[in-house]
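A.B. asks: The structure is given below, and queries will be raised subsequently.
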Amino acid sequence: MIRAWLLPASLTLVGLLGGGSRAADGSPLTGLFVLVAFLLLAFVNSPLLFPRSLTHAEALRRSAADGRPVVYWRPGCAYCMRLRTRLGSRAHRAHWVNIWRDPEAAAAVRAANDGNETVPTVLVISPDGAETVMTNPSPAQVEQAFAT
């Protein structure tokens, strides 16, 4: 859990120090801009941007019941953020699993990606039980999985 917040906390601290330094030098507007920019970066890199993370077992159970895809992600991953932001409000149609919170999910991602923890990895379970794994898919591919 601490690992997920390390980058956002560091960015917030840098923003506070940089913004405070600029304000102390007589440029409060620049200081405010620096602070806001780093706070925005901290938010984008935090787990707050993503839907509530489930465990691997819970996501598989829910996916089997409702047919929604399972998206494995980790905080700070630029490709995960790209996928999440490009999906917008449709991102809640998937079950999101943070691989840093769930060792079982990290193992599943490694098994699907030749031992690498490459995220985002999307698992789609069809009604007949067949599994399709997509590594770093485009938002269009994930949206197509929503439709099936």
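A.B. asks: Using the C-alpha gyration tensor of region 2-48, what are the square roots of 5 times its eigenvalues, in whole angstrom, with the largest one first?
C.D. replies: Details: eigenvalues 104, 19, 3 Å².
Ellipsoid half-lengths, sorted descending, are 23, 10, 4 Å.
A.B. asks: Under the rule a/c < 1.5 gives rounded, and otherwise a/b versus b/c splits prolate from oblate, where does region 51-147 land using the Cα gyration tensor? It would help to have the intermediate numbers written out before the result.
C.D. replies: Details: a/c = 1.33, a/b = 1.04, b/c = 1.28.
Because its axes are fairly even, with a/c under 1.5, region 51-147 counts as rounded.
A.B. asks: Same structure again: Quick one: which of 105-111, 25-31, 122-128 comes out on top by average Cβ neighbours within 10 Å, and what's the full order, highest first?
C.D. replies: Numbers: 105-111: 18.6, 25-31: 12.6, 122-128: 15.6.
The densest-packed peptide leads the list: 105-111, 122-128, 25-31.
A.B. asks: A follow-up question, please. What trypsin sites (Lys or Arg not before Pro) does region 28-98 have in DSSP loop regions with at most 10 other beta carbons within 10 Å?
C.D. replies: Details: sites: ARG52, ARG61, ARG62, ARG82, ARG84, ARG86, ARG90, ARG93; in loops: ARG52.
Filter output for region 28-98: ARG52.
A.B. asks: Roughly speaking, what is the stretch gain from ARG86 to GLU143, that is 0.36 nm per residue apart minus the C-alpha to C-alpha distance, in nm to one decimal? Before the final figure, lay out each step's value.
C.D. replies: Working: separation 57, 0.36 × 57 = 20.52 nm, distance 1.02 nm.
Once the chain is fully extended between ARG86 and GLU143, it gains 19.5 nm.
A.B. asks: Just grab the label-to-label distance for ARG62 and ALA107, each label 7 Å out from Cα along the Cβ direction, in nm (one decimal).
C.D. replies: 2.2
A.B. asks: Of LEU54, LEU87, ASN98, which is farthest on the positive side of the dipole of the chain, counting Cα position, with +1 on Lys and Arg Cβ, -1 on Asp and Glu Cβ, and the Cα centre as origin?
C.D. replies: Farthest towards the positive end: LEU87.
A.B. asks: Once you put a point 7 Å from the Cα of LEU17 and another 7 Å from the Cα of ASN136, both along the Cβ direction, what distance in nm separates them?
C.D. replies: A separation of 3.2 nm, rounded to one decimal place.
Just so you know, all these numbers are worked out from the coordinates, no wet-lab data involved. Everything numeric in this text was worked out from a predicted model, so none of it was measured. Here the Cβ is made from the backbone with ideal geometry for all residues, glycine too, and neighbour counts use every protein chain on show.
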